[in-house]
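Remarks on the structure that follows.
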Amino acid sequence: MPVPVPRQRDTPAAESGQAVLPGAHLARPQATPPHPAGTGTASPTASLPAPAAPQSLTLLVIDDDPAGGLTVPEILDSDGHRIRLRTARNLTEAARLLTPDVHCVLLDLSMPHGPGGSEAAGDQLDVLREVLRIAPRHAVLVLTAEADAERAAEAVRVGATDFLFRDELDGRLLSRAVRYAVERKRADIAQYKLAESRLRAQENSRLERGLLPTPLLEGSDLRFAARYHAGRSRALLGGDFYDTVRTPDGTVHAMIGDVCGHGPDEAALGVELRIAWRALTLAGLCGDELLATLQQVLEVERPCEEIFATLCTVDISPDGRSAGLCLAGHPAPLISRPGRPARLLPYESSGPALGLLPKARWPRRQVELGGTWSLMLYTDGLIEGRIGEGRERLGQDGMVEMINRHLDQGLRGERLLEAAVTEARRLNGGELTDDVAVVLLDRAGTRSRPRP
């Protein structure tokens, strides 16, 4: 009769070239080389590792009587490498031996031990449930007698990967079962992670969509349109932000801004600045006073002192014929009127970006709009895309020319913005890498204005 190899009690992974289970006799195995020096222990919930050649799979056998009758022979994986064996007599020892390099667990369901490793008998599936608890990311095979087929099926319903009958067990069957169980567990984990990733993406999309602004223009005759594209892959929200509200006096306030960078921290800061702008605007702040307060918000909320934000604000008078313009390091808006080419509003008096100078000032410039006009606010993501394969950028002049061309084609509102963003992508030779936000406000002078 083969004699089991003694286990190393002073090492974290007692490993031998054989495992002994009650019920049959098979060939004596060859000894398995010990772990390399420095192998440490890890949490039982560590991710199931993928074996790298020439590393073999490792099987942990849990049985209360390793000196019984069945000796598991040398078994090989699909690459012909020996599957290493470890044995544990109870669940306490199994938890200690369940290191990250263990790929599969083989549990004898005839064990009388309770979940805590005590000698008290109980539901024979309690041991399995405890194994599944301490090894949730490992493949688990159960071993039982052929007469206990119903209990074996119940074990699979509880969570075991598969079952084996003790009377039919041989090296070839066990080798195939271990490989199948490991690959099936990997597939289950991958499927779970994929489903979890999809749910998280859906939740993020709903969250980001809810953070995009809803214009408050009730009572105004201005038409609003916007386009937004985040530079981050698979994101709906970036560092750009915009908003439009109408205050009780009939003034329409519009804003667009850009936090430097386009990661999740910048996106969160952009949302904070937008919400702060709306609250301050509805509270009656405007121009320099509003921007100075926003800078205080930025200085408190930004993750580091290098972060700054550009901003453009306009406040359109109740009659819609004039507006106040403030620029904080931001590109000037573009205005178009019937019968005239679109052009940029004056921007000589712009102030610095928010967060650069502690005591900066932002002069408010009064501009005449006229009776019928379209005002386009945008971020630099629209104008910094490349033109062709060289280093030349679209720039503000190129954008103005592009918008005039689309206006000549009769495009207005949503169609105008969609055409502008689409052409900027085409000229760039692909997706724009920076965040892009564009806001368009239109006023038709023939309409009668409602009362504030």
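Close amide H pairs (under 5 Å, H built 1.01 Å from N) link L143 with L107, D108, L109, L164, residues at least 5 positions away or on another chain. Packing around the peptides 142-149, 391-398, 100-107, 271-278, taken as the average count of other Cβ atoms within 10 Å per residue, puts them in this order, highest first: 100-107, 271-278, 142-149, 391-398. Taking 0.36 nm per residue of separation and subtracting the Cα-Cα distance, what length does fully extending D397 through R198 add? Extending this stretch completely gives an extra 67.5 nm. Can you give the FRET efficiency for K359 and R133, using 1/(1 + (r/R0)^6), R0 = 56 Å, r = Cβ-Cβ distance, to the nearest 0.05? E(calc), rounded to 0.05, equals 0.40.
Considering only the other residues whose Cβ falls under 14 Å of the Cβ of P215, what net charge follows from Lys and Arg at +1 and Asp and Glu at -1?
Surrounding charge for P215 is 0.
When the charge dipole of segment 255-323 is built from unit charges on Cβ atoms (+1 for Lys and Arg, -1 for Asp and Glu) and taken about the Cα centre, the candidate among V259, L282, L311 whose Cα reaches farthest toward its positive end is L282. Relative to the current alpha-carbon distance between L411 and S317, full extension at 0.36 nm per residue lengthens the span by 31.2 nm. Spin-label model, T372 to V300: label points 7 Å out along the Cα-to-beta-carbon direction sit 4.7 nm apart. For segment 212-443, the Cβ-based charge dipole about the Cα centre amounts to some 560 debye (Lys, Arg positive; Asp, Glu negative; other atoms uncharged). Taking the Cβ-Cβ separation of D221 and E389 as r and a Förster radius of 56 Å, what is the calculated FRET efficiency to the nearest 0.05? It comes to 0.80. Quote the relative contact order of segment 212-443 in percent (integer), defining contacts as alpha-carbon pairs under 8 Å separated by 6+ residues. Normalised by residue count, the contact order of segment 212-443 is 24 percent.
Sorted on the mean count of surrounding Cβ atoms within 10 Å across their residues, most packed first, peptides 173-185, 281-293, 306-318 read 306-318, 173-185, 281-293.
Given R0 = 60 Å, the distance between the Cβ atoms of D126 and L212 translates into a calculated FRET efficiency of 0.70.
Here, each number is a calculation from the coordinates, and none is a lab measurement. No experiment lies behind these values; they were computed from the predicted model shown. So basically every Cβ, Gly included, is an ideal-geometry build from the backbone, and we count neighbours across all protein chains shown.
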